[in-house]
Each structure stands twice: as C-alpha cells, then as structure tokens.
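Novice: Below is a structure I'd like to ask you about.
The values are calculated or read from the model by the stated rules, or taken from the named source; none is laboratory data. Quantities reported herein were computed from a predicted structural model and do not represent experimental measurements. Methodologically, a virtual Cβ is constructed for each residue, glycine included, from the backbone with ideal geometry; neighbour enumeration extends over all protein chains shown.
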C-alpha cells in the first residue's frame, strides 16, 4: 500500500470505506463505470453527510432539506452507495448490484427522477455546479418570502477538475459571488488527475485565486483528514460568501496499486486490485455486504434528518404563511391564468395591434406575472431587447433576494442551468431571455431542462433574418430546426399577439416539458382578429383561414411568415386559386394530436411551407407534393425587408410555389 | 462637455477622433449599430495601430503580419473606419457610408471573408478572444518550425465586458496562461457598462485578479491616455506571459451628453448629439470627410507595415525553409493523400477488420498524419476515447511548441474556437475530438467554422445509444440532426473502416467547409470488402448492395446502423423480398449530387431509413412511402446491445418496417 494512504478509522471511517467498497464492486459487476472519484471523495462525503447534511430519506422532497449536487456526475456510485445506506426506499442493494443495467435506477450518471435523493441530472460537466447556483439563489429568494423558520438550508456540491475547466463554471462562479450565496459550498475534488493524465497537461490556473477573484471564500484541506474537512465546512458555513473547499485527494484512494492515476478514473479496478484494496482498507466483507456498524452510522444520518424535518413540519403547521408556502411549491393556478388570458385575448382581437412578438411576449407576461405570483424573470443582458421585464418587477440582488427579475449578465449558459436549479429547488417559475441565435450558447442546459422535464421557459427573440442589420452571426437559420430536434422541448413560434398570449399560457402552466418561445424583432399584424376562448396554439397547428370550397393548396407557416402566407393566399385568391392558411406555432404539440385532426388541418391539397429558416424538420407537415419557401444558408446584414426580398421569402414567392404544385 | 472628457491632441488624437466621427456618422446613416465601443476605444486603437501594429493593407494576407481581433464585434465600425483610413482597397468611403446595407462589405458585425483585414468573424461574444488564443498558439507553433526570421508576430485583441463574462473566456484564459502565449495581448474595454446598465447589475468579478490566477500579466491604464496606453503595450510585449491591459474607458467617449451610459451602446446618437460631439471633439468636418492630417497619419501606419513586410519578403527569399514555409500555408497535397488512402483502403478491404469507427478514425489518421505534415491533433481530455492521438504525435506545451498534439482539457468550446484560430492563422490543419453529445458545448464555435468556411475537423465519437452504460446524458439523439441543420458543415457518419478512411480523405483536404465525423464507440464489421479506388463517401450516399432485379424496398442507413440494414436485407432476401442497401454517410454531399445520381441511388421502391437518432433531417432521403427506424426520445443506461433491442433498432424491426411498406 502506498505510504501516502491513510486508513480512515472509526464509524465515519467505515462510512467512507463502505462507499469505496460498494463503488468498486458495482463498477466491477457492471464492467463499466468510474471508481476513482467516489473512492477519492469518500471521506469528504462521509464527513459531509455524517456531520452536516440534513435530508430525510423517508420524505425525499421535504422542501427545507439541504441540497447535495454531485456535479462530477460520472462518480454516480458515490450517491447510489450513500442513498442505499441512508435507506432510500427505492435504492435497495439490488439497485446497486445492477449498476448501469437496463431497468434499474442506477444509471451511468445520476438521473433526476430515476431515483429519490438525486437533486439534478449531472454528467455533462459544469452543469451541476451551475444548477446548484440556481438552487442556492432560489433558497435565498424563497427565504426572503417565507423567512428562516421555513427556508433555511444549504447547497453542497462535489465538483471535479472537469467542472472547473468548463467555461460554464466561470459564469457560475461569477454569479454566485455577485449574489453572495453564502449557503453554497463547493467541495472540489482536487486530485490533479483528468482522463488524459495529470491536470498539468492542460491547465495551470490557480483555482483558489480564481474563486477568490469572484468573491468566494476559499479554503484548502487534506480530503482524507476527517477533522480538517469538518472544520473547513464549519468555517465555510459561517462565512457570508459562497465557499470553495479545495479537497486535496488521491483519486481511487484505497486501491493500493492504481490510486493517484487516471487508470482509476473510468474503468473497473479488476479483480486483483479489488482484492488488494479489500486488504488495504481492512475490508473483509463480501461484495455488496456491509458491516452493521457502517450501516448504522449511515442510518443515524437519516434519523437526524427525519427529526429535523419533523421539527420543520411543526413550524410550518403553525406558520401563518403555510398556505402561501405550500402554494408556491404546487402547480401554478392554470384556471386563473386561462381566465386572465381569455380576457386579455378578447381585448387583443378587438384592438388588433401591430407589434413584434417580443413585444407581444412582454404584454402577455404582464398578464402572467400578475396572475402567477412566483414567476422569476430575467435576461442574459438583453432586457430591453427580449422585453422580459414587466412593470413592477424588481431586480434580484444580494441586497434584495425578494426581487423577481434576474440580470443574468452575458451568461446564457449559466442562465439556463440556473433556471434549471431554480425550477428544481421549487417555489418559482423561472423564465429567461436571450437572442435565439444564442440558444447555441446554452444548449447543454436546455437539453437538461428537456431531459429532466422541468418547467422552465426560454424567451428567445430576434428569431430570424428579420432582425436585419446585425447580420449572419446574429441571424438564426438552423436554430429552430435544431431545437425542434430535441426531445421533450416545446418550441413555439407564434405569429401574432394572440398566439403569443396562448403560447405563454401553455408555457407558464407546463409541468414536465420546458418551453422555448421564438419571437420576432419586427412588428407583425394581429391575424387572430376573431376572438376565441379556445387556446388554438395548444393544438400546435390550426387552420387560420379556410377556403370557400375545396382547397387548391394549403399554405403552412409559422411566426412572422404567417403574415406572408396570408398575403400569398390573398394574391392567389385574386387569381382564382383557393389557398387555405395553416398557422403552425408548435410542431411538437401538433404531432401529439390525433391523426384525424392532423389530416383535417393539413388537408389533401398540395402544401407550401413557409419559414425564414432551413427546411429541416418540416417533413411531417409537408409531404411529397409540396414546396418550401425559406432559407438554405446563412443570412446577411441589411434591413429586414431587403433581406426577405433577397432571400425570396415573399408572398410572391409563396404564391408562385403554390401555383407550381397545382396541376 | 463632461469634465471627465479629455480631447486627444496631435496627429494620434486626430487618428482617434477620425474613428469616432466615422463611427457616429455611419451608425446614424444606417440608423442602426453600436457607436459606444468604437468611440470609447478609439484612443487605444489609435495608439495600437500607430505605434505597434504591423500590417500591410496592400498585402492583407502577408503571413507574418500582426493579428488584430475585434472580439467585441458589435463595435465593427472601429475596424471599418480603421481599414478605410489605412487604405485597404476594398474599404472605400462608399463602404463606410453604406454601413450595414445589403451588398456592402460593412456588415453589422465583422465577417471574415467579406473584406480584407478582418482576421475572424466576431459578434457572438467570447469567440474572438478564444479564436485569438488559437492564432497566438499557431504563431508559436509556426515559429517553432520556421524560426524568428519568418514567424514573429503578435496577436492583439479588443475585448469587452461581454467577452469576459461569457464562459468560453475562462477556457481561453486558462489555455493561454497554460501555453504561456506571451505574444497575446488583450486590451479590455473596461467601461463598466453593458446593455442592461452598469456591470454592477450582474458581475462582481475582479477581472485582473482572475486573469492573474491563470498566469497572465496584468496592467490597468487610463484608456484615453495615449502615453499610458503605449507604455502598457510596451510592457506587455516584454513579458513572457499573455497580457491583459484593463483600459479604463468611457463608453461613447466624446458624445457630451450620452457618454458613459448604455444609451451609446447599440443605437445611433441622434443628430443633435452628433452635432454636440462634433463641437466637443473640435471636429468641424462634414460626415464622412476626413482631414488630411488624420488620413496621412493612418497611411503612415500602412507604409510602416509595407516596409516591414518587404523586409520579411527579403528574408523569405533567402531562407532555406522557404519551400516548406510556403507549402505549410498552401492547400494540403490532396493527390498524395488520395494515393495513400487508396493503398490503405485496399489493405482494409482485404483484412476486413471489425473495429469501432473511432478506432478506424485513428487508423485513417495514421495515414493522414504521415502524409500531411501540418496536421495538429487534439482532444478535449478524451484522447483515449476519441482515438485522436496517433503514434509519434507529441504534445504541444509551452516548452514544446514544436509538438503536434494538443491536450485541450475539458474545454470543448475553446477547442472549437482555438481550432478556428489555428486554421485562420494558417500553417496547420487542426482536428480535435470530444464525445458527439458535447458538440452542444462547442456549437457556437462549430457555427463559426461553418460561417467562415474553415478547414477544421471535429472528431466526435460515442455517437449514439451505442455508447451504452453512460446513459442519456452522454447519448446523442438529436445531435446529428441538429448538426445537419447547420449550413456549410459536412457531417460524416461512416459505417466501417473503409468509409471512415474516405471521410477522412475528404475532411483533411476540404478547404472551405468544416467537417464533423460522428464515430461509433462499438465495433463494426467491414462492409466494403470489395476494394474500390473511388471515394464513395464523396458522393454522400451510394448503393452498398444492389438487388438482383427490381428492388422491392430500399434500406438506407448511416454509420453503425448500416450493418443492421445489411442484416435486414439478408433476412428479407430469405423471405423473397429484394432489398437494396444504401449507405448514406454524408447527407450534405449527397444533396450536392445531380438529380439523376440521387434518384438512381434512392430508387423508386419504398424506403426504410435506419439511424439510431431522431428522424428529423431524413425527409430528403425518404418520401411519402417510407418508414424510419430510430429514436423518438432520450436514451437510457444499459449495455449497448440491450439498448438497441429496447429501442427497437434491430434488423427484425427494419425488415418488418420494410414488409409493411410493400404492397
């Protein structure tokens, strides 16, 4: 055994070694997985849970629990081992034995919703730490509304070198320092090893100085010295700044011949090394068998958490804020919103304003924010362009966690991940804005919104060449298609002020599917001048204008191009061609309708699709006898009207395409 | 006039004020644009160009020129104004007058290729500074090969607060410090203003401490004090570390009533304020008219650059490395590679190995790297998984710029942007690897590769649920579709070792289109056992197996699913159904073939598409009488074979789908 290795002793030492043993055995059984991180950070985790973390496995969603985020998600066996030993009902030993196998909760990386006690999905590096920033901010915002008696918990993160190398970590660190999130404590697995070898191959950053530069409290400890770890956590909790604790660890700690090397990172140790580890750790137990003392120590953590939770329940029972508190954690009042939006829509249809849908979004948000008290708006430094801040919203800051508008800064990626964290924490409905083209900057966070099924809304304005002079770097062309390709994301592209209101009604009340609104910079007329209480966007696509008699052609468009389709239909009508116009603001919702509805809307006549974007993704709405009017390459810099002409996205072009299809 | 405002005097002051005047007048004429940055940084730019920058407008691509990158690309008028005054032939005053208008080179953000003297496309924040890191590294790598006499230049960047808030900046800074890129000098427009208002709304990071933490040399100057700016640049050039110079500036400097506020950031100043600015700057000239003294001063910069370039030409003429130097900057030897790949393919078809295409990529790269001397490999810390490092490659480091393999670290985004910078600098053919799912992390950089048309290759392995146990966070489902949606990007998904070699032949010799290879983790049999000298992948799709007589059905597949299609064809044949198999490794190249070829390949029989991904993007290869076997949602964590069974991507499912289509 390497002279550097100390064997942890006592019950807490057994707690740590139990993590190591379950990890190496589960990875070996799966013949795949990552033993290095859980074995290296077992001591830190044992101390954190044993002495600090308040969670109750019998009530995994208890709102005032501490949050634990395993940002280094490849070390998933750490959390599976712990949750098994804590006694989570859905994490029996069979789950651990079948790590990474089909039909089990013990996925390769921790998946939110697969098992209790997993606060967020991690694996894509840097997401966990940034999601945790959102959680820690939500804790303070919820605290500002309900006080210390009901909201008073910490957010702990285990992060690895990868998390700190990813760019998103800069955005996270900057935010957390700026918001003075003193209850956020990041335990960095400072083991000097990445997959390719030593961290010295690729980085020279002094992480402690870097965190300090962003207003963090910083410490360094021996990550195998339990008392030092505990002392550091105590100090971190006492500081008003977010805390980084650099835990100097040995990756794969306990495996005498492989520890300290990247060989332990992402592959089973092998039978021989596992046997040697058992000897080194003085762990005579068979695979997946645990000594009673270790199990008892872990169960004591659960018992402490349960008692804390029960005391909290007693406080809630006598709180005069109990009803509001519970409401904040429940589904938003969809009926109230439906009523408010219906009233608003009636007025819109009467007024028929010509506004950009980004402006229409602001108008709809005024209704949403007035009706649902827990929305949290924001923008990645484009507030005046995204129109995300409605009247009366106040900025969230370290001096005012009671605010409800977040200046996310020029940090789209962290905005997405923080919104995920806010949604996961509970108590709030987050939405945030940027330009649609910068959806690329936050795409990994959007994907986690979708994978976890979170109620998060992305407000993405300047959604086509219609933004004009800013040119190709700012003009989305492929983004709508690329977002529609993502499972479980509703992409809305409303055509006017009414559709925008309807899209917002759906987005604000969705529970398991995130929404993304693609909104125009340019003004658009109200096309839905006839009021309907029905939310037509909810069906994804609908006939905006039917023909008198059998259709000769069906024009299908989205967003700013619906106006063009209507103009084309007028022009065709003048020439005796009967063209129906279908508005298709949400392909995903349309795909979810029954076949009868879909075929009624699409009709049997030839079809022309119109969207100022690439055609990809339109196949389900078109078919063999069809044409598409849109973009085939990148945009250009010029006034919007000239670009529409230049790229041939005009009523004339649509009418011509329609005629070419009619036999 | 604000008491804070000093009026720059002398010729260099006129140089700066000329930038201000052209900027405010051009933005006003366009009625759109961003005057704040060019006016705020005009003094810094004037000093930089006047006293340091070596460029020759008469030879814009002179290889040893200094590189200037306007990372804050919204300030595009800065570079248009300068390039006009320097005398770039393609930047006459008419271009400036028609800023942001259709058909002019003066796009809203600087677009590489639109006009000379624009070293890279900027606008998406943080890309410029990171691309510049790639340029500065390329300079050192080129210097290591050809010496100080031929390669000896600096890379200067103007970056704004947005660039430094974006996460990618962390990756860039970490890299530059690690590689000790002492010739990289970043001039930070430290004006304390973003679009939403004060930077204090969203950030508290001490940027100077942050850069210092990553090994940078850091200074701060008054950005309107010419001598101080010059002294700082002198000091920065003398230091062996990359340098940050925090230039304390006033945004919109010179506009007496609006300067120092976000009102100057992204909107015209207005006629009244422009008149006031003329007075304040003592600038009596009409819009777009320049005093001779200013123009002469700028032309002197050009003359100095020309003399420097001519001295360099003389050195090149007598250098014994001239031939190699010129070759390094020319197109790679496609004929040599074609020959080498043909020989290699013949052996492959004979050997018929069963290897993952990620391994096949390594094998092909051995041929590519042996034939083309200027490839620069790398991986975002997944070298052993991406198989990107071939035998004999040596890591690039601050101690060995002569290496040819880059450990990019866990920094996919900066890897992409740095590869763009390496390609833009010239002298090298960069390729870099990560998992396909993490294409999302570098998508903004991939988009710039495509928009600029750069010869950059992305090696993206673990390309489907076939990666198995790592689970849904690591399994690409929508990524192939989302990448195919991007204009001017060739997405290759080769089916076997032969197709992988052919894809690499195309990628390594492409000049104006970046390539992305989607490669399997799992082993795949050699399907192309019959050797052809022809590169079949070049046609995008081809008939891998034709039927004897008229087809009953055509099975079209890519990558790892071609094997499944072949198995399905066998099963169908046993039942008397004639199924052709089409391999479609590159949809983009197939779309570029003539209609005859495409219809011959696709045939008139019903079609079944097979790809372990979402269907989106397949429309062009399928049609109304078709079926698709693939994914409709996120993946799961389990061994690959079980996942293929679970998600129904099997030969049986393909055969069943085929039969259902046959009348």
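Novice: Looking at residue B:165, is it crowded, with 22+ Cβ neighbours inside 10 Å, within 10 Å of another protein chain (Cβ to nearest Cβ) and touching a residue at least 24 places away in the same chain (Cβ under 8 Å)? It would help to see each step written out before you state the result.
Specialist: Values: crowded, with 22+ Cβ neighbours inside 10 Å: yes; within 10 Å of another protein chain (Cβ to nearest Cβ): yes; touching a residue at least 24 places away in the same chain (Cβ under 8 Å): yes.
For residue B:165, the condition - crowded, with 22+ Cβ neighbours inside 10 Å, within 10 Å of another protein chain (Cβ to nearest Cβ) and touching a residue at least 24 places away in the same chain (Cβ under 8 Å) - is met.
Novice: Given (1) in contact with a helix residue (DSSP H, G or I) (Cβ under 8 Å, 6 or more places away or on another chain); (2) within 21 Å of residue B:594 (Cβ to Cβ), identify the lone condition not met by residue B:534.
Specialist: (1)
Novice: Here's another thing I want to ask about it. For region B:645-663, how many residues meet the condition of being in a loop (DSSP other than H, G, I, E, B), surrounded by fewer than 17 Cβ atoms within 10 Å (Cβ to Cβ) and touching a residue at least 12 places away in the same chain (Cβ under 8 Å)?
Specialist: Kept after step one, since they are in a loop (DSSP other than H, G, I, E, B), are these residues of region B:645-663: B:647-650, B:662-663.
Filter once more, so that each one left must be surrounded by fewer than 17 Cβ atoms within 10 Å (Cβ to Cβ): B:648, B:662-663.
Adding the requirement that they be touching a residue at least 12 places away in the same chain (Cβ under 8 Å) leaves B:648, B:662.
The qualifying residues number 2.
Novice: Still on this structure, please answer the following. List the number of the failed condition for residue A:395; all other conditions in (1) facing chain B (nearest Cβ under 9 Å); (2) closer than 20 Å to residue A:435 by Cβ hold.
Specialist: (2)
Novice: Does residue B:627 qualify as being surrounded by 18 or more Cβ atoms within 10 Å (Cβ to Cβ), under 25 Å from residue B:464 (Cβ atoms) and either touching a strand residue (DSSP E or B) at 6+ places or on another chain (Cβ under 6 Å) or modelled with pLDDT under 95 (or both)?
Specialist: yes
Novice: Of the residues in region B:451-472, how many are more than 8 Å from chain A (Cβ to nearest Cβ) and over 15 Å from residue B:519 (Cβ atoms)? Explain how you work it out, then say what you get.
Specialist: If we filter region B:451-472 for residues that are more than 8 Å from chain A (Cβ to nearest Cβ), which is where we start, we get B:452-467.
Pick out the ones that are also over 15 Å from residue B:519 (Cβ atoms) and you get B:452-456.
Qualifying residue count, region B:451-472: 5.
Novice: Residues of region A:253-278 being farther than 18 Å from residue A:225 by Cβ and not in a helix (DSSP H, G or I), which ones? It would help to see each step written out before you state the result.
Specialist: Narrowing region A:253-278 to residues farther than 18 Å from residue A:225 by Cβ: A:255-258, A:261-278.
Scanning region A:253-278 gives A:255, A:256, A:257, A:258, A:261, A:265, A:266, A:267, A:268, A:269, A:270.
Novice: Turning to a different aspect of this structure: In region B:183-196, which residues are under 17 Å from residue B:166 (Cα atoms) and part of a strand (DSSP E or B)?
Specialist: The first filter runs over region B:183-196 and keeps only residues under 17 Å from residue B:166 (Cα atoms), leaving B:186-196.
Across region B:183-196, the qualifying residues are B:186, B:187, B:188, B:189, B:190, B:193, B:194.
Novice: May I pose another question? Does residue A:310 fit the bill of being in the same structural domain as residue A:26 (by the TED database), assigned to a helix (DSSP H, G or I) and either at pLDDT 95 or above or under 30 Å from residue A:60 (Cβ atoms) (or both)? Please lay out each step first, then the result.
Specialist: Numbers: in the same structural domain as residue A:26 (by the TED database): yes; assigned to a helix (DSSP H, G or I): yes; either at pLDDT 95 or above or under 30 Å from residue A:60 (Cβ atoms) (or both): yes.
The answer is yes for residue A:310.
Yes or no, residue by residue, for (1) at the interface with chain A (Cβ under 7 Å from one of its Cβ atoms); (2) closer than 16 Å to residue A:470 by Cα:
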position: B:91; (1), (2): no, no
position: B:94; (1), (2): no, no
position: B:97; (1), (2): no, no
position: B:101; (1), (2): yes, yes
position: B:111; (1), (2): yes, yes
position: B:119; (1), (2): no, no
position: B:122; (1), (2): no, yes
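Novice: Assigned to a strand (DSSP E or B), crowded, with 19+ Cβ neighbours inside 10 Å and away from chain B (no Cβ under 13 Å): is that true of residue A:245 in this structure? Step through it out loud before you land on a result.
Specialist: Values: assigned to a strand (DSSP E or B): yes; crowded, with 19+ Cβ neighbours inside 10 Å: yes; away from chain B (no Cβ under 13 Å): yes.
Considered against the rule, which asks whether it is assigned to a strand (DSSP E or B), crowded, with 19+ Cβ neighbours inside 10 Å and away from chain B (no Cβ under 13 Å), residue A:245 comes out as yes.
Novice: Only one of B:180, B:212, B:176 is assigned to a helix (DSSP H, G or I), within 28 Å of the chain's Cα centre (by Cα), farther than 24 Å from residue B:260 by Cβ and in contact (Cβ under 8 Å) with a residue 12 or more places away in the chain; which? I'd like the intermediate steps shown before the answer.
Specialist: Numbers: B:180 fails: assigned to a helix (DSSP H, G or I); B:212 fails: in contact (Cβ under 8 Å) with a residue 12 or more places away in the chain.
Just a single option satisfies the conditions, and that option is B:176.
Novice: Restricting region A:611-644 to residues that are free of Cβ contacts under 8 Å to residues at least 12 places away in the same chain and within 7 Å of another protein chain (Cβ to nearest Cβ), which is nearest to residue A:482 (Cα to Cα)?
Specialist: Per the criteria, the residue is A:619.
Novice: Could you check region A:16-52 and list, in sequence order, the residues that are in contact with a helix residue (DSSP H, G or I) (Cβ under 7 Å, 6 or more places away or on another chain) and not in a helix (DSSP H, G or I)?
Specialist: A:33, A:34, A:35, A:41, A:52
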